[in-house]
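For reference, the structure is listed below as structure tokens.
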Amino acid sequence: VDLRRSEITEAWQETGRDYVTVYFAGSLLDYTVEDATGAVVAGSATQRENLEEFWTFTRPAGLNSWMLSAIQTS
């Protein structure tokens, strides 16, 4: 993964929960290999794909652990 940019796009509180949405942009190698042979069966091990996504995290309000709530592609 080559992350070129990330930024918080929004943060809010609602019904006792904190929410934050983060924008990620970059590129990555996305492929699947067969366990037995190591052969690439989907995607490419050499050609990068661009990535632009918004990830929303949530937690009970306060100093609690964040959990991933949603991923949206742009």
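A short reminder: the numbers here are calculations on the coordinates, not readings from a lab. Please read these numbers as outputs of a predicted model, since none were measured by experiment. Heads up, the Cβs are rebuilt from the backbone with ideal geometry, glycines too, and the neighbour counts pull from every protein chain shown.
Please give the length that would be gained between T32 and T46 if that part of the chain were fully extended, namely 0.36 nm times their separation in residues minus their C-alpha to C-alpha distance (nm, one decimal).
That works out to 3.8 nm of additional length.
How far is it, in nm, from the label point at W55 to the one at E10 when both lie 7 Å from their Cα along the line to the Cβ?
Each label point lies 7 Å from its Cα, and together they span 1.9 nm.
So what's the Cα pair-distance distribution over the chain, bin width 10 Å, in %?
In order of increasing distance, the bins hold 18, 33, 26, 17, 6, 0 percent.
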